[in-house]
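One structure is given here, and the rest of the page talks about it.
The values are calculated or read from the model by the stated rules, or taken from the named source; none is laboratory data. As the structure is a prediction and not an experimental result, all values here were calculated from the model. Cβ placement follows ideal geometry from the backbone for every residue including glycine, while neighbour counts extend to all protein chains displayed. Areas reflect the complete protein model, heavy atoms only, side chains present, ligands, DNA and RNA absent. Shrake-Rupley method; radii C 1.70, N 1.55, O 1.52, S 1.80 Å.
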Amino acid sequence: MKRVFLLLPFLLVLAGCKPKADEVKIGVSAPLTGDISALGQSTRNAITLVQEECAAGIPLGGKQVKVRFLVEDDENKPEATATVFQKLISQDRVVAIIGSQSSKCSNAGAPIAEAARIPQVTPWSTNPNVTRGRKFIFRACFIDPFQGRVVAQFAIGKLKARTAAVVYDVASDYNKGIAEVFRDEFTRLGGKLVGYETYNTKDTDFSAQLTKIKGANPEVLFLPNYFNEVPLQAQQARKLGLTATLLGGDGWDNPELVKLGGAVMDGAYFSNHYSPDADSPVAKEFIAKYTARFKAVPDAAAALTYDSARLVLRAIGAAGKADPRAIRDALAATSGFQGVTGAISFAGSGDPVKGAVIIRIEKGRFVFDSAVNP
Amino acid sequence: MGVLVQQLLNVAQLGAVYALIALGYSMVYGIIRLINFAHGDIFMLGGFLGLLIGVHLAWLPVYVMMPLAMVLTALAGVLVERVAYRRLRDANRMSVVITTLGVGIFLENLVRLAVGPETRQIRSGLPTGSVTWLQGHLGVYVTWDKVLIILVSLTLMAVLWLIVNRTLVGTAMRAVADAKDVVPLMGVNLNLIIAGTFAIGSALAAAGGIFYGQAYALDPYMGIDLGWKAFIAAVIGGIGSIEGAVLGSFLLAGVEVTTVAYLSSNLKNGIAFGLLILLLLVWPWGIMGKPAMRKV
């Protein structure tokens, strides 16, 4: 009896060896519920747009083949993401996976996709470890070290700042990574770091750290943290008389930032993947379509998900067959792909070489300030 | 000089919030030897009731909103005691502790379900801006809400001290604390006194929650961390003692701020919790507490 159970997985693999030739399935792992469910919704919206665009199917091996996106909920939890990846690969037999959004979830899914040799493209995970040392994992966004450098260069070059201070969440890879790169780059460019303070996830009182920084009175204050904490840090800084210009990273990109912070966030800058008033033809078309269909301005996660899905579709077309390994090779060969978030090329790794934009906050709106290319 | 004074004000503000929570732990423990782990969540509930009344029913100004939210939270505290704790008053300690934890998780999820997981703030029309005189002379930024938080908290604590030490109800409370089983024989309604204790503790926690939502932010899970901290403060000060809870709270806030200001914020929680362990090892009854008497 036991032997039968041991054999079961192999039997299932054999049973699955004959996929239906007239349909290509692509998995999507998204945080549809949980703490960043707003982001899951924009993921689903972007996928819906792509699904509608290829409703007639794509040409493959001389005939039209239907494409189906299977969107699964990973709750923004690593353990749930692992389950979703396993289901998509072994049960649904997808040829590629898009997702997940947060770095911690992509980090949980990537080993599974890599082991099964199924290509994965994550839209929004900026942590360098997600793709490191892996052949089947790609991403549509830039990585954190680049982002940290961009903000430091902006502070020195555009804002002419000589002194800076940083307050970051020491318990999170994303925040810690950007803070360190910013510190090194800002000092390398001749600036002086006058404060480098930490806190822990879920802290709400930052006044002791900010008071310490107030003593040094920096020109810019870098807060590479998430949108739900930054407004509190900004308010407390202002209440202590800190007048520094506030800077941040792509973790700021959510309407909650200005809803909670209000006027305190005005005049702050952050680096992002794209701006909703980007003016390339691809971006304009996407923004117009998205806004008309969902009555909402697409955030960076939506734009990156759209790009990821189109990258995968293009790779399937270039491979000429719905075979995961061939799709992987086609993805790796991607060069000069025109996405909503800019041109994407994979030069030997799963990390694209692409630019960032700096966004300025003006009267509660995100306004394009400048573009930075690597 | 300016930075030092500013840090002292940070200590005062944080300590005032801790004290308002710690008093509830301390009073309830003092009277029925129950550590109410749901108390941090009562504090959270008070903050959200303040938000509901002061923001969503925006016509109520803060001096109406705050007492109203305190009364509602007091009722919630009494309800929790009546529904979940009263039957277990003579049960074994494990059941009671687990019940208080369960009530806490229930309240967190109830509030999250009602308002969602987003961070909120109370902007209830308290005066904004800072006291310009201090700013001009010391370079210290003292916002009016900070002044109000510290003053109102200290006033509430003084009122509590008067109730406990100078009124008949207070005498009854102290009597219950001394000899729970004998007091009913003297014609005192034990249930009423215990309910009253829960009501006062919850009302103070609500004030703390509203101040916290004003100075920092509200979220449905904030009661966990802050509840632990206030509990530590109560134990440091000597659980069961009102003066001890207040002293312990300001002491803990002082340790936290000093750690961040002169060592590293990485060490903040480690030092706070380490302090508790150290204290329990060498001085188990806390600074103002009394060593437990044992009958031989």
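Quick notes
- Proximal lysines relative to residue B:146, as straight alpha-carbon distance under 29 Å, when same-chain residues fewer than 8 apart are discounted: A:202, A:212, A:214, A:239, A:259, A:363, B:229, B:268
- Lys/Arg +1, Asp/Glu -1 at C-beta; the stretch B:1-129 dipole; positive extreme among B:14, B:1, B:39: B:39
- Within the stretch A:220-305, trypsin sites (Lys or Arg not before Pro) in DSSP loop having at most 10 other beta-carbon neighbours inside 10 Å: A:295
- Based on DSSP H segments of at least four residues, each scored -39500 (n - 2.57), chain A has a per-residue ellipticity at 222 nm of -13000 deg cm²/dmol.
- Overall Cα dimensions of the stretch A:267-317, principal axis frame, Å, largest first: 45, 25, 18
- Kirkwood hydrodynamic radius computed over the stretch A:183-230 comes to 12.1 Å, based on all pairs of distinct alpha carbons.
- Note on B:215-225: average number of Cβ atoms from other chains within 10 Å of each residue's Cβ is 3.
- FRET efficiency estimate (nearest 0.05) - Cβ-Cβ, residue A:129 to residue A:362, R0 30 angstrom: 0.30
- Histogrammed with a bin width of 10 Å, the alpha carbon distances of the protein assembly as shown distribute as 3, 14, 22, 21, 17, 13, 8, 3, 1, 0 percent, first bin at zero.
- In this simple spin-label approximation, residue B:158 and residue B:92 carry label points 7 Å from Cα along the Cα→Cβ vector, and these lie 4.8 nm apart.
- Using alpha-carbon coordinates, inclination of helix B:39-51 to the longest axis of chain B, degrees: 50 degrees
- Cα extents for the stretch B:203-296 along the principal axes, largest to smallest and rounded to whole angstrom: 51, 36, 20.
- Take every pair of alpha-carbon atoms less than 8 Å apart whose residues are at least six positions apart; their mean separation over the length of chain B yields a relative contact order of 35 percent.
- Within a Gaussian network of chain A (alpha carbon springs, distance under 10 Å), most fluctuating of A:202, A:66, A:25: A:202
- Rh by Kirkwood over Cα pairs, then Stokes-Einstein D for chain A at 1.002 mPa s and 20 °C, µm²/s: 100 µm²/s
- Full extension of the segment from residue A:329 to residue A:188, taken as 0.36 nm per residue of separation minus the current Cα-Cα distance, would add 46.9 nm.
- Ellipticity estimate at 222 nm from DSSP helix runs (n ≥ 4, -39,500 (n - 2.57)) divided over chain B, nearest 500: -23500 deg cm²/dmol
- Across the stretch A:214-366, Cα-Cα pairs more than 25 Å apart make up 43 percent of the total.
- Surface/4 estimate of mean projected area, convex hull on alpha-carbon atoms of chain B, nm²: 17.1 nm²
- Taking amide H as placed 1.01 Å from N in the peptide plane, residue A:223 has its amide H under 5 Å from the amide H of A:247, A:248, each at least 5 places away in sequence or on another chain.
- Signed unit charges on C-beta, dipole axis of the protein assembly as shown, positive-most listed residue B:185, B:203, A:264: B:185
- With contacts taken as Cα pairs under 8 Å and at least 6 residues apart, chain A reaches a relative contact order of 16 percent.
- FRET E, pair residue A:370, residue B:137, Förster distance 25 Å, beta-carbon r, rounded to 0.05: 0.05
- Simple label model, 7 Å out from Cα along Cβ direction - residue A:48 to residue B:123, nm: 3.1 nm
- The stretch A:168-239 versus the stretch A:303-337: alpha-carbon centroid distance in Å: 39 Å
- Taking every residue in A:197-207 and counting other chain Cβ atoms within 10 Å of its Cβ, the average works out to 6.
- Crossing angle, helix A:300-319 versus chain A [Cα axis fit, 0-90 degrees, rounded to tens]: 30 degrees
- Computed over protein heavy atoms with a 1.4 Å probe, the carbon and sulfur contribution to the accessible area of the stretch B:1-154 reaches 71%.
- Ordering B:98-107, A:158-167, A:247-256, A:303-312 by mean Cβ neighbour count within 10 Å, with the highest value first, yields A:303-312, A:247-256, A:158-167, B:98-107.
- For the stretch B:220-234, the residues whose backbone nitrogen is under 20 Å from a point 7 Å from the Cα of residue B:112, taken along Cα to Cβ, are B:220-229.
- Fraction of the pair-distance distribution of the stretch A:47-187 above 17 Å, Cα-Cα pairs, percent: 67 percent
- Per-residue mean of foreign Cβ neighbours for A:255-265 is 1 (Cβ atoms of other chains, 10 Å radius).
- Rounded to the nearest angstrom and listed largest first, the equivalent-ellipsoid semi-axes of the stretch B:1-103 from its Cα gyration tensor are 30, 21, 10.
- Normalised alpha carbon radius of gyration of the stretch B:12-55 [divisor 2.2 N^0.38 Å]: 1.31
- Placing +1 on the Cβ of every Lys and Arg and -1 on the Cβ of every Asp and Glu, with no other charges, gives chain B a dipole of roughly 620 debye about its Cα centre.
- Using alpha-carbon coordinates, inclination of helix B:144-166 to the longest axis of chain B, degrees: 20 degrees
- The stretch A:332-374 residues near the modelled residue A:284 label - backbone nitrogen below 15 Å, point 7 Å along Cα→Cβ: A:340
- Pairwise Cα separations in the stretch A:139-281 fall into 5 Å bins from 0 onward with the following percentages, short to long: 2, 10, 22, 24, 23, 13, 5, 2, 1, 0.
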